[in-house]
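In what follows, a single structure is set out as structure tokens and then discussed.
The values are calculated or read from the model by the stated rules, or taken from the named source; none is laboratory data. Since the structure is predicted, the reported quantities are computational estimates derived from the model, not experimental observations. Don't worry about glycine lacking a Cβ; one is built from the backbone with ideal geometry, like all the others, and counts go over all protein chains shown. Just so you know, the surface numbers come from the protein's heavy atoms only, side chains and all, with ligands and any DNA or RNA stripped out. Shrake-Rupley method; radii C 1.70, N 1.55, O 1.52, S 1.80 Å.
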There are 2 protein chains.
Amino acid sequence: MTPPSAIPDDQTARARVVIEGLTPSIDGGRFKITRVVGDAVAVELDAFAEGQDLIAVELRYRHATDTDWTCLPMRDLGNDRWGAAFTVERLGAHQYTAHAWVDQFGTWRQGLSRNAEAGNDVMVDLLIGAALVRAAAARAPKSTAKQLAAWATELEDTTTPAPDRVTRALDEELGVLCAAHPDLTHATTWARPCVCWGERDRAQFSSWYELFPRSTSTVPGQHGTFADVTARLDEIAQMGFDVLYLPPIHPIGRVARKGRNNSTTAQPGDVGSPWAIGAAEGGHDAIHPELGTLDDLRGLIDAAVDRGIEIALDLALQCAPDHPWVTEHPQWFRARPDGSIQYAENPPKRYQDIYPIDFTTDDWPALWEAVARVVEHWIDAGIRIFRVDNPHTKPFAFWEWLIARIHAAHPEVLFLAEAFTRPKVMRRLAKLGFTQSYTYFAWRNTRDELYGYLTELTQSDLRDYFRPNFWPNTPDILTGYLQTGGRPAFMARLVLAATLSSNYGIYGPAFELCEHTAIAPGSEEYLNSEKYEIKLWNRDADWSLRDFVGRVNRIRHTHPALQRNDTLIFHPTDNPQLLCYSKTDPRHDDRIVCVVNLDPTFTQSGWTELHLDALALDNQPFQVHDLVGDTRAEWRGSRNFIQLDPHVLPAHVFAIRRHVRTEHDFDYFS
Amino acid sequence: MTPPSAIPDDQTARARVVIEGLTPSIDGGRFKITRVVGDAVAVELDAFAEGQDLIAVELRYRHATDTDWTCLPMRDLGNDRWGAAFTVERLGAHQYTAHAWVDQFGTWRQGLSRNAEAGNDVMVDLLIGAALVRAAAARAPKSTAKQLAAWATELEDTTTPAPDRVTRALDEELGVLCAAHPDLTHATTWARPCVCWGERDRAQFSSWYELFPRSTSTVPGQHGTFADVTARLDEIAQMGFDVLYLPPIHPIGRVARKGRNNSTTAQPGDVGSPWAIGAAEGGHDAIHPELGTLDDLRGLIDAAVDRGIEIALDLALQCAPDHPWVTEHPQWFRARPDGSIQYAENPPKRYQDIYPIDFTTDDWPALWEAVARVVEHWIDAGIRIFRVDNPHTKPFAFWEWLIARIHAAHPEVLFLAEAFTRPKVMRRLAKLGFTQSYTYFAWRNTRDELYGYLTELTQSDLRDYFRPNFWPNTPDILTGYLQTGGRPAFMARLVLAATLSSNYGIYGPAFELCEHTAIAPGSEEYLNSEKYEIKLWNRDADWSLRDFVGRVNRIRHTHPALQRNDTLIFHPTDNPQLLCYSKTDPRHDDRIVCVVNLDPTFTQSGWTELHLDALALDNQPFQVHDLVGDTRAEWRGSRNFIQLDPHVLPAHVFAIRRHVRTEHDFDYFS
């Protein structure tokens, strides 16, 4: 430790401006914020010097691969707060920082102006100013230097009357020239540059569909193939999804294989859980032989791209007992004193067919490298999105390294964290680089729960690094609400997921077919879960929500307001069963107001109290166009009546249209 | 920059526990928090590992001069938050940090217990446990190691039935022994130790009295001396003050000396402003010849100490034009092109009799050293408190260095910042080491203003580093409220200052004599200000508040609740002219409730709505004893009636006494 009383270095002693409280900054700059390319990053900070001198503050930013900084002047926001914004122009890391210095010329100019106004003698002031201008000239390029030197001579010229020289001194052009060549000798630089990770659009706006490829055959009992999945793409595209996520596609272990309904004794013909990865045919870089070949996968990827869909693979870092790694790298598993390996547990769940990998083994460098090569293998095959299974059971340091390694060569790769765990663990994973995260949405059902959770996600500093992905169901999660609420419950949860969060997904066809039978009372597991068997879904059932899902996704695609979360606002209602909220996109003059009946059984009615200001509305009438039911109404003012019969449509998704638009509608957003 | 994808070092890769969000911590540990010796510092942080393993977290602290850390186990507060508290034992810097690790033995023990309860085979578990116990033995001192080794043998002994071995394995003593010798190989340490500055009591609880020594003679027109000040000490002690602050005691410049009422042309015999420091007789380390000698000052200091009073000097770093430094060190002043030096300004105020010092002169190391020697000179004379004039006009780096330099040898020295400036500048000075700060109190008059300001001071992170000192008046500040409110206004502002803030002060005898005549309408300057002339105060005037001030200060001294600010709570009233608040000290079972009539003209009445919980009261009756008026009443419940005639007493300062006390009264505070 430097003794605190040691004499500081010259720079520390003479840097007069202090910079504090720069935002956005996560944990003092230790972690990145994230933005999509094209987004603005609004940076603010406190800056001030002792005394009365004016200061100048500059925002500096650059892409991490650039050498030069781009500098933007920051604006005085009052109370010693300064602000400026830069736009994320490319994928990858952007650094941003600030520096600040005493504005000697500006301070002098202000003093001269005051003295001249007060009628004080300004002869000496003019000489001081001339010296400052000459100093700026010495820092300027040749042509400007000449111009400034001439100006200095004018200020000194006692043959010109003082008032004329004052006028020259206060000339705006001189101010601009001097400000462009400030004395930065004792400028202060913000301690630690922050980083903004520039992502592609799909990080921020994505609609996921999860499907078991082995259940895509149209022949009962037959194992589906990548070709079968390809045949399903049109239907998925018509439903409006743009990410198709496949559970693990690798060979499935035969040792300790699970039977139907999670039985620990598999019967002949049981296909096992796809998360029990690895068998004689290979491990994480192999494909289950019955699904097809690597070329078949490439074919699927290409066919999907043609329909605007990306294939996401599952990254489940665990091994069946007969995974090749178990014999090839026994040191990557934690052996017990009797030589056995303890199977995985996530209490109260037990995975007898899975061995956990020991990520802090003495041999961790080789293990981590092997995992990175697995990811790179699938990237080579054309995959750019990974849904990561249980990342919260692997060390944080591993994820930070792995994601940085992949992003260094492939900044376009997205990682979705399947971390259903404690809040701070989920946040940490997002800080470490996961693009999106599963959330608690599935269990937030009441108005208070949804309001509280969404406020935390969109109003706290989570908004700067944590992108939620809302799933009403997954193969592991069939909530009580869906089990008992019938088809209206599925509709309401779909609308909530798709409009509250710009990223969302469903596990289908279970979802659109309203599959709701649990294995046991109080359980969230499906009866006859697809995790352990091949299913043949009756996709054309007349209760299918296929068309409804398609309609909702089309609304998302045509309304930019639903492609972001930062403008989410809740509006009061006088009936707690009615949730009312809005999203806006000022750039596209887009406003969406949703009202959802949270009660899947009974018709609910009540009054909403719209925050008109947040919607850029005044007391003139406006049209609400329900994009789901395709009905229109005229509303006026903040109080409006709502009635929703869940058996008809449990939700309104209103586009708001003013009868007369002005260019000032969204002025206050700017 | 390390490429983010570089393979991490072994420690980074294998340290599984994450520590985040340690509090209290100012700007990521860049600045100290402050506490008085004997105070507890309650430290909290987030800590968690991936997966399900238990972790252990330890708070570490030490005095900066110690080598060894003291370690305290931190307690799991839920939601991955951990807490522990340490006590500040000495003056000076204490470092505190935390470290955390996976609790392998505890995790194993929990698993064994679950397995045994579930009736699973535990043979292998016992072997794993034995290995963990042997590993702990290897880290333990010899005697413990032997004990642990024996225990391990027991766990392994297959001749003992498993249930008996499980009982032995779960023995509390074994848990304690293993926890005491954990595997710290991959422990995580908090990034940057924080510092808590341990201060003496007077940093937190002080009652200041400011007085011009030259106005202490009893002979009209005669210059007062240190001996005259000494003669005044009994009166000041009777008023209950414990710090006597003297404006600058140095020789006063003759060049550009100010005359009465801030006139720029002094008349013969005018004594000038004490802040125009330095003349032929000497500068900042000299004493004004008419006040006395250094020995006289020592005599005053000793006499004051006998009465429990400390003398505080003014540190005003500026020079009269005839200060010796101006000729000896011209490079410490900023010369203008015509060789002149611009006098000091603090717009709109002009100090024609004062030159500012250029703290960022090329010769700053010599200047800074000279200033430090000035401070050390007065410390050698026995001074331990400095009131610093306008610190916000000197560079921040200078203050950080100066205070650290002085504190390195004299941690008992206190600095009061006279920084009437922008909020962030005031906060920065506190962060840099100023013990106390002047505030905006003088201009906070309404209930909303006082509530808002006090909430910011006592509920935000300011409470950890910014100690307010409330002054209702100073020689520069005669507020409109005091100018127009009469004697009741002085009484109300005194009670507010003395009870809202544990540190407060008055400028007397102007204050207790209710001096309220301004030099001009709209000005806060006194007419015939003592800054420019010698005054003979009529201290025995029958309207003097001397006794009232003494009563209020005695209440402060006997009530620990008033000696701290952290328990301040406001209670609603139904009349905005009535401000109701309380302070409590659970350790001493002390509760004070104040109600102040903010209207100095009219009687105001209304109902208070006490937060009974915050006062450890229930619905039983309790006594309120007005310590100012010495009246008693019985109240019950939260709603109680108040009526205050400002011309009698504008405030109640109630001690609260429960009729039946239990030892649990303050349980919830612990």
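What the table shows:
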item	result
Criterion: under 17 Å from A:MET491 (Cβ atoms) and not in a loop (DSSP other than H, G, I, E, B) - qualifying residue of A:VAL593, A:VAL653	A:VAL653
Residue that is surrounded by the fewest Cβ atoms within 10 Å (Cβ to Cβ), among those in the range A:127-165 that are in contact with a Phe, Trp or Tyr (Cβ under 6 Å, 6 or more places away or on another chain) and not β-branched (Val, Ile, Thr)	A:LEU132
Among (1) assigned to a helix (DSSP H, G or I); (2) open to solvent by 70 Å² or more (accessible area, probe 1.4 Å) - the single one A:LEU174 does not satisfy	(2)
From the options A:ALA145, A:ALA152, A:ALA131, residue that is more than 14 Å from every other protein chain (Cβ to nearest Cβ) and without any contact (Cβ under 8 Å) to a residue 60 or more places away in the chain	A:ALA145
Any hit, the range A:485-505, residues being open to solvent by less than 10 Å² (accessible area, probe 1.4 Å), within 25 Å of A:HIS559 (Cα to Cα), among the basic types (Lys, Arg) and not assigned by TED's automatic domain parsing to the domain that holds A:PHE602	yes
Some residue of the range B:333-348 being without any contact (Cβ under 8 Å) to a residue 12 or more places away in the chain, of a type in the set (Lys, Arg) and not assigned by TED's automatic domain parsing to the domain that holds B:ALA93	yes
Residue in the range A:17-34 that is charged (D, E, K, R), outside any loop (DSSP other than H, G, I, E, B) and more than 10 Å from every other protein chain (Cβ to nearest Cβ) present	no
Failed item in (1) small (Gly, Ala, Ser); (2) surrounded by fewer than 19 Cβ atoms within 10 Å (Cβ to Cβ); (3) on the phi < 0 side of the Ramachandran plot, with A:ALA344 passing the rest	(2)
Checklist (1) of a type in the set (A, V, I, L, M, F, W, C); (2) free of Cβ contacts under 8 Å to residues at least 12 places away in the same chain; (3) open to solvent by 50 Å² or more (accessible area, probe 1.4 Å) applied to A:VAL255, failing item	(2)
Residue within the range A:564-574 that is open to solvent by less than 20 Å² (accessible area, probe 1.4 Å), within 21 Å of A:PRO650 (Cβ to Cβ), out of contact with any strand residue (DSSP E or B) (no Cβ under 6 Å at 6 or more places or on another chain) and of a type outside the set (Val, Ile, Thr) present	no
Enumeration of residues in the range B:641-670 that are touching a Phe, Trp or Tyr at 6+ places or on another chain (Cβ under 9 Å) and at pLDDT below 95	B:ARG657, B:ARG658, B:HIS659
Among the candidates B:PHE415, B:PHE511, B:PHE434, residue that is open to solvent by less than 10 Å² (accessible area, probe 1.4 Å), within 30 Å of B:ALA655 (Cα to Cα) and at pLDDT 95 or above	B:PHE511
Residue within the range A:297-312 that is touching a residue at least 12 places away in the same chain (Cβ under 8 Å), within 30 Å of A:THR264 (Cβ to Cβ) and surrounded by fewer than 21 Cβ atoms within 10 Å (Cβ to Cβ) present	no
Any hit, the range A:377-398, residues being farther than 22 Å from A:THR435 by Cβ, assigned by TED's automatic domain parsing to the domain that holds A:ASN503 and not small (Gly, Ala, Ser)	no
Condition met for B:ASP353 (over 26 Å from B:THR439 (Cα atoms), open to solvent by 10 Å² or more (accessible area, probe 1.4 Å) and either assigned to a loop (DSSP other than H, G, I, E, B) or more than 10 Å from chain A (Cβ to nearest Cβ) (or both))	no
Considering residues of the range B:35-58 that are over 18 Å from B:MET74 (Cβ atoms) and within 13 Å of chain A (Cβ to nearest Cβ) only, the residue surrounded by the fewest Cβ atoms within 10 Å (Cβ to Cβ)	B:GLN52
Conditions (1) assigned to a loop (DSSP other than H, G, I, E, B); (2) within 22 Å of A:ALA49 (Cα to Cα); (3) modelled with pLDDT under 95; number of the one not met by B:ASP362	(3)
Residues that are β-branched (Val, Ile, Thr), outside any helix (DSSP H, G or I) and within 14 Å of chain A (Cβ to nearest Cβ), drawn from the range B:370-429	B:VAL388, B:VAL413, B:THR421
A:ASP80 being touching a helix residue (DSSP H, G or I) at 6+ places or on another chain (Cβ under 6 Å) and within 30 Å of B:GLU20 (Cα to Cα)	yes
Scan of the range A:74-114 for residues that are open to solvent by 40 Å² or more (accessible area, probe 1.4 Å), within 14 Å of chain B (Cβ to nearest Cβ) and without any contact (Cβ under 8 Å) to a residue 60 or more places away in the chain, ordered by number	A:ASP76, A:LEU77, A:ASN79, A:ARG81, A:GLN110, A:ARG114
Yes/no for A:THR584 being farther than 16 Å from A:ASP448 by Cβ, in contact with a Pro (Cβ under 9 Å, 6 or more places away or on another chain) and assigned to a strand (DSSP E or B)	no
Verdict on A:GLY339 being within 14 Å of another protein chain (Cβ to nearest Cβ) and assigned to a loop (DSSP other than H, G, I, E, B)	yes
Scope the range B:611-623; condition closer than 17 Å to B:PRO572 by Cβ and either in a strand (DSSP E or B) or open to solvent by 10 Å² or more (accessible area, probe 1.4 Å) (or both); matching residues	B:HIS611, B:LEU612, B:ASP613, B:ALA614, B:LEU617
Single condition A:GLY433 does not satisfy, out of (1) more than 13 Å from the chain's Cα centre (by Cα); (2) within 11 Å of chain B (Cβ to nearest Cβ)	(1)
B:ALA191, sole failed condition from (1) surrounded by fewer than 21 Cβ atoms within 10 Å (Cβ to Cβ); (2) more than 30 Å from B:GLU418 (Cα to Cα); (3) modelled with pLDDT of 95 or more; (4) not basic (Lys, Arg)	(3)
Flag if A:ILE534 is at negative phi, of a type in the set (Val, Ile, Thr) and touching a Phe, Trp or Tyr at 6+ places or on another chain (Cβ under 9 Å)	yes
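For (1) at positive phi; (2) small (Gly, Ala, Ser); (3) in a loop (DSSP other than H, G, I, E, B), each residue gets a yes or a no:
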position: B:ASP183; (1), (2), (3): no, no, yes
position: B:VAL195; (1), (2), (3): no, no, no
position: B:GLY198; (1), (2), (3): no, yes, no
position: B:TYR209; (1), (2), (3): no, no, no
position: B:ALA231; (1), (2), (3): no, yes, no
position: B:ILE236; (1), (2), (3): no, no, no
position: B:VAL271; (1), (2), (3): no, no, yes
position: B:TRP275; (1), (2), (3): no, no, yes
position: B:GLY299; (1), (2), (3): no, yes, no
